[in-house]
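This report refers to the structure that appears directly beneath it.
The values are calculated or read from the model by the stated rules, or taken from the named source; none is laboratory data. The shown structure was predicted, so the numbers you read here are calculated from the model rather than taken from an experiment. Please note: Cβ atoms are built from the backbone with ideal geometry, for glycine as well, and neighbour counts cover all protein chains shown. Each accessible area value is taken on the protein alone, full model and side chains, heavy atoms only, with ligands, DNA and RNA left out. Shrake-Rupley method; radii C 1.70, N 1.55, O 1.52, S 1.80 Å.
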Amino acid sequence: MNKIVNTVRMKGGSLSGTYLLEDENGFKFIRKNVSLTENREYGFQRWYSQLKKIQRFSLQYPGLFPNLLDYGSTETHAYFDIEYFENSFNAQEYLCQNSKNSNPKLFFEKLVSAMDYLHEIKLPTSKHAMRLYLHEEVHQRLKDCNQNDVFTNFLKYDTIVFNGIEVNSFLHEYSDYEAMAMRVYQKDYESFTHGNLTLENMLYIPDQERIVFIDPYEENVIDSILAEYSQIYQSSNSLYELYNAKGCVVFENCISSNIEVPTTLIAFNELFTGYINRTCSDDEIKAISILEISQFIRMLPFKMVVDSSKMLLFYALASYLWHQLKAKDT
Ligand SMILES: Nc1ncnc2c1ncn2[C@@H]1O[C@H](COP(=O)(O)OP(=O)(O)OP(=O)(O)O)[C@@H](O)[C@H]1O
Ligand SMILES: [Mg+2]
């Protein structure tokens with residue numbers, strides 16, 4: 001193996017670390033590593049399924065995922081190496097930090113084409129898919145957080161005040177949420193999916209007008225385009241990355257986080273909403289919102305490990321989003 005002469009830690013990194021490495025010949029590549037011992041369920045198992053998904057999809061969808069270069073382990077960590085894309089931005093950065101030079105319309109069009117390509121292959125599904133999803137990705141994730149005192153204390157409040165608006169705590173609303181999910185989600189096929197299609201998990205290369213999907217995720221139960229759309233909304237509509245970067249202030253049952261939303265992100269969200277409204281039925285649009293809310297619940301155990309105030313923030317955001325959806329479902 002060539003000697004590594006330069007290492008840069010990239011943005012992000014929850015339970016695993018992402019690094020840009022350069023070897024003695026000037027060859028650059030991305031390495032993702034994870035502990036072999038700590039937090040295996042939310043660390044190693046997720047990392048491992050990502051490795052396998054990249055390995056398969058880089059072959060199956062040439063150019064849409066980074067090529068896998070190598071994988072292996074050291075005494076303490078497992079790692080895989082993937083192709084590095086020079087002059088790329090993650091899409092969140094592209095739309096938010098680079099607003100003056102970004103072109104949300106072109107980016108939106110390239111994203112829709114990339115999704116169409118990925119979602120082309122259809123899979124049979126089950127009418128019980130949503131039940132299993134709710135059990136595993138919502139109910140079980142809430143249970144996983146019950147070991148955390150900060151969380152259980154917060155659940156004692158019946159209501160939450162999120163940025164000044166009082167809403168019922170999600171747990172008290174769970175049976176209504178479940179009932180709506182079972183009613184509106186009726187998709188009769190699944191697809192090959194990315195699995196965690198937030199703006200942060202895709203790269204955009206403006207010079208080539210090209211999208212590359214990074215950070216795929218396997219543990220989704222429902223591999224539906226509706227879930228994929230809900231993850232884009234997690235970024236562009238519910239503003240996950242902006243809240244995550246900002247953090248929050250918590251006092252008793254009140255949570256506040258003041259973020260500024262760049263106009264280019266708003267422009268992208270409007271284009272994407274237009275697309276959803278043209279291509280999805282009313283029930284499918286509600287199912288996307290149901291799944292969008294679930295994204296904030298299923299991430300809670302990850303947040304519990306890295307930052308418990310963010311666990312409260314995203315639980316509060318989920319409660320708020322449910323409050324809004326319920327009001328629309330008349
Ligand atoms: N192949 C790549 N080429 C160029 N930049 C990359 C590549 N992979 C990742 N990056 C950069 O590194 C950042 C973090 O990468 P990634 O999303 O894979 O890691 P992470 O968010 O730390 O991981 P996870 O979400 O699995 O915890 C990306 O947002 C992007 O800016
Ligand atoms: Mg990521």
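So the values come out like this:
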read-out: Over region 34-108: Kirkwood hydrodynamic radius from C-alpha pairwise inverse distances, Å; value: 14.7
read-out: Cross-link pairs beyond the 24 Å C-alpha cut-off, checked among K28/K53; K105/K310; K28/K303; K122/K286; K53/K326; K105/K303; value: K105/K310; K28/K303; K53/K326; K105/K303
read-out: Helical contribution to [θ] at 222 nm, DSSP H n ≥ 4, -39,500 (n - 2.57), averaged over the chain, rounded to 500; value: -14000 deg cm²/dmol
read-out: Directionally averaged shadow of region 71-152, computed from the convex hull of its alpha-carbon atoms, nm²; value: 11.2
read-out: Average accessible surface area per residue within the chain, 1.4 Å rolling probe, Å²; value: 46
read-out: J(HN,Hα) series, region 178-187, from Karplus relation 6.51 cos²θ - 1.76 cosθ + 1.60, nearest Hz, glycine and proline x; value: 4, 4, 5, 4, 5, 6, 8, 8, 10, 4
read-out: Proximal charge balance of I54 [Cβ under 11 Å; K/R count +1, D/E count -1]; value: 0
read-out: Estimated FRET transfer efficiency (K156, E86; beta-carbon r; R0 56 Å; 0.05); value: 0.65
read-out: Cβ-defined net charge surrounding Q208, 15 Å radius [Lys, Arg +1; Asp, Glu -1]; value: -3
read-out: Relative pair counts by distance (%), Cα atoms of region 1-62, 5 Å bins; value: 4, 16, 19, 19, 21, 16, 4, 0
read-out: Vicinal HN-Hα couplings computed from phi for region 271-277 (Karplus, 6.51 cos²θ - 1.76 cosθ + 1.60; Hz; Gly/Pro x); value: 4, 5, 5, x, 5, 4, 5
read-out: DSSP bridge pairs, the chain: antiparallel proportion in percent, nearest 5; value: 95
read-out: Spatial extent of the chain: Rg and Dmax, with the Cα atoms as the point set, Å; value: 19.8, 63
read-out: Among S49, M10, F29 - extreme Cα towards positive end, dipole of region 4-84, charges at beta-carbon; value: S49
read-out: Vicinal HN-Hα couplings computed from phi for region 57-70 (Karplus, 6.51 cos²θ - 1.76 cosθ + 1.60; Hz; Gly/Pro x); value: 6, 5, 7, 6, 10, x, x, 8, 10, x, 6, 7, 9, 6
read-out: Cut-off under 5 Å, modelled amide H: who pairs with R210 long-range; value: I205
read-out: Lys/Arg +1, Asp/Glu -1 at C-beta; region 90-328 dipole; positive extreme among S224, F314, Y189; value: F314
read-out: Portion, in percent, of the accessible area of region 4-84 that falls on carbon or sulfur, probe 1.4 Å; value: 48
